[in-house]
1. Does any residue of segment B:120-131 turn out to be away from chain A (no Cβ under 14 Å), under 15 Å from the mean Cα position of the chain (by Cα) and not aromatic (Phe, Trp, Tyr)?
2. Among (1) touching a residue at least 60 places away in the same chain (Cβ under 8 Å); (2) under 15 Å from A:Asn389 (Cβ atoms); (3) in a strand (DSSP E or B), where does A:Leu471 come up short?
3. Taking the condition at positive phi and under 48 Å from the mean Cα position of the chain (by Cα), does A:Gly427 pass?
4. Scanning segment A:469-491 for residues that are exposed (fewer than 15 other Cβ atoms within 10 Å of the Cβ) and not charged (D, E, K, R), which turns out farthest from the chain's Cα centre (by Cα)?
5. Please find, among B:Met48, B:Met73, the residue that is of a type outside the set (Lys, Arg) and not in a helix (DSSP H, G or I).
6. Only one of these conditions is not met by A:Ala56: (1) under 30 Å from A:Leu173 (Cα atoms); (2) surrounded by 14 or more Cβ atoms within 10 Å (Cβ to Cβ). Which number is it?
7. Identify, please: which residue in segment A:159-180 is surrounded by 13 or more Cβ atoms within 10 Å (Cβ to Cβ) and among the acidic types (Asp, Glu) and is, among those, farthest from the chain's Cα centre (by Cα)?
8. Considering only segment B:117-147, state which residues are assigned to a helix (DSSP H, G or I), closer than 30 Å to A:Ala312 by Cβ and either at pLDDT below 80 or of a type in the set (Ser, Thr, Tyr) (or both).
Amino acid sequence: MNMLGKTPISRRHIAEWWTLGLGLLLVILAGAMTVRMVRLNAEQNASVAHTLEVLAAGAALHIAVTEANSAQRGYLLTGHPVFRQRYERARADIWPNVDRLGRMTLDNSAQQARVQKMRQVLAARQAEWDTVGRMADTGDVKGGAGRQLVGLELTEDFRNILQQMTDDENALLAQRRASADASGDWVLIIGVGGLGMAAMLVGLSITTLRRRAAELETANAEVRRLMGGLEDRVAERTQDLAEANEEIQRFAYIVSHDLRSPLVNIMGFSAELEEVQGQAAQLVERLEREAPGLLADSEREALSAELPEALAFIRASTARMDRLIKAILSISRTGRRTLAAERVDLSALLGGLAVTQQAQLSETEAQLTVGPMPEIESDRFALEQIFANLIDNAVKYRRDSVPLTIDITAEDLGSKVRVSVADNGRGIAPADQERVFEPFRRAGVQDRQGEGIGLAHVRALARRLGGSISLESMSGEGSRFLVTLPKKLPQTWVAEE
Amino acid sequence: MPDSKNHRHVTILMIEDDMGHARLIEKNIRRAGVCNEIVHVADGTSAMEKLSSGLAADECPLLVLLDLNLPDMSGVTILERLKADARLRRIPVIVLTTTDDAREIQRCYDLGANVYITKPVDYDQFATAIRQLGLFLSVMQVPEPNA
């Protein structure tokens, strides 16, 4: 049992689950990292898009301002209304773009300050455009040209501010990208590392589990081997028992034969002695007649009374002994007989017995009924002996006051069948109910011939068939013998030659 | 009668270990009026000796009464040897024993026993059986040793 010890296995068991659990945890962690990485990526993309939008707004603003400048210059030089229209349209684009820049850089105070400054510069530039515009309307080309330098300066200021803003946005983007890349690397490292570790741990678990399975298989094989050994041992014991049983049967057989041999002498010579005693009796008679008084009283007594009495006892006892030996021989012969399993229809078998016993049954006005019976696989001869004995007993020990009824019924017990033989005879007192199954034991009033061997024989037969017999009885009301038999004769009970 | 003359020569060899049985058998055979010589041996070894040397050499017709339960060997062995011996195998063998086992009876007949009789324990039956055997002996023909 040491090899199947409990503690080491359960301890190892925990270790296996621990590695497997850790592996699972790492897989979850790697999953979380992946989610985080995807999210970071999305955030980065969003910030890039934002920066590009800011840059686009700046570019649009720049174009609008440049366009307004050149269009006004064209108008001033040519006085053509197309340039004026162009200038008007470009000017209209300026403020919405400034507002867009302001909205998009709300989170950045430095940019907000620049937007504010830009608004002032652009307002000044606008005022300048208005001044030059009025000069152009009046055709004062020279005056307009003289103000160009002022306008250029203001435009230059605007450009500087925009440049600063663009640079700032670009720097911010680069910074965001760098940090995202760094954290992305970490997430990747942890994720890949975690997965690798998890794979390792799972691999470890699989190896240990496989080892465990192999160990279990070995243990199972050991258990199977032990069980096989057990079966062999049981078979061995059964064989031993069968041999012992055979030995006992042979012993009983030999003993009873050897007992018979001296019995032949005792009976023979006592018979011869009876012959002699008959002659002695005649001699006594003759002496009494021809020489009265020759014999003493005691001599006469010995020859004519004591001698015959002694011989009578010897003869009675030897006759009884002969019957007992015959009974033992009969039981031992039953045990030695080889059983032959065959399909037996109990209804037909009992019906046959009823016919055999018909004379005896009708003589005593007995009623024998047989209920529905199953078919079983057993030894026909033994079954016949069992039920013939039970029916015989019922007839033998009937009550003279009531007509005898014998009811034979069967009950299905699954793999076995229980046949009940019930009569309304004299019954057997509780104290005798076990005794009646012993050899040479009888119950109740001893007014019937018999050696008390029938029920011992029946029990021996029932046991040989792998079954049993029991008794329920009320003294004076009848007996019920219950014979339980397997539906299929067990193989081990079939004696070997 | 030529028959009875012939019979006077036939010797009965009784192989029986129980002295009482032997005496009872002899008594009852005599009561049947058989007066042939009865030679009694109590064990298998002397029986085989008598058979192979003594009696056979006398060239006198023989009949064997054989008990199966002998102290030194089984009567079945004697029967076997007897029936295997060319000079002895015609000797009629009457198995007279206590065993009434069907297999034993079968075996003896298989080996060439001529008659198998179970000794009844009841003496009346025993006496009757032996007397009838005696009557049977008085009419049966026995082969000449050199025939």
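1. As a first pass, look at segment B:120-131 and keep what is away from chain A (no Cβ under 14 Å): none.
No.
2. So the condition that A:Leu471 fails would be (1).
3. Numbers: at positive phi: yes; under 48 Å from the mean Cα position of the chain (by Cα): no.
Considered against the rule, which asks whether it is at positive phi and under 48 Å from the mean Cα position of the chain (by Cα), A:Gly427 comes out as no.
4. A:Gly476
5. Details: B:Met48 fails: not in a helix (DSSP H, G or I).
That would be B:Met73, the only listed residue that is of a type outside the set (Lys, Arg) and not in a helix (DSSP H, G or I).
6. Only one criterion in (1) under 30 Å from A:Leu173 (Cα atoms); (2) surrounded by 14 or more Cβ atoms within 10 Å (Cβ to Cβ) is unmet by A:Ala56, namely (2).
7. If we take residues in segment A:159-180 being surrounded by 13 or more Cβ atoms within 10 Å (Cβ to Cβ) and among the acidic types (Asp, Glu), then A:Asp168 is farthest from the chain's Cα centre (by Cα).
8. If we filter segment B:117-147 for residues that are assigned to a helix (DSSP H, G or I), which is where we start, we get B:123-139.
Cutting the leftovers down to closer than 30 Å to A:Ala312 by Cβ gives us B:123-134.
Selection gives B:Tyr123, B:Thr128.
The values are calculated or read from the model by the stated rules, or taken from the named source; none is laboratory data. Since we're looking at a predicted model, the values are computed, not measured. Don't worry about glycine lacking a Cβ; one is built from the backbone with ideal geometry, like all the others, and counts go over all protein chains shown.
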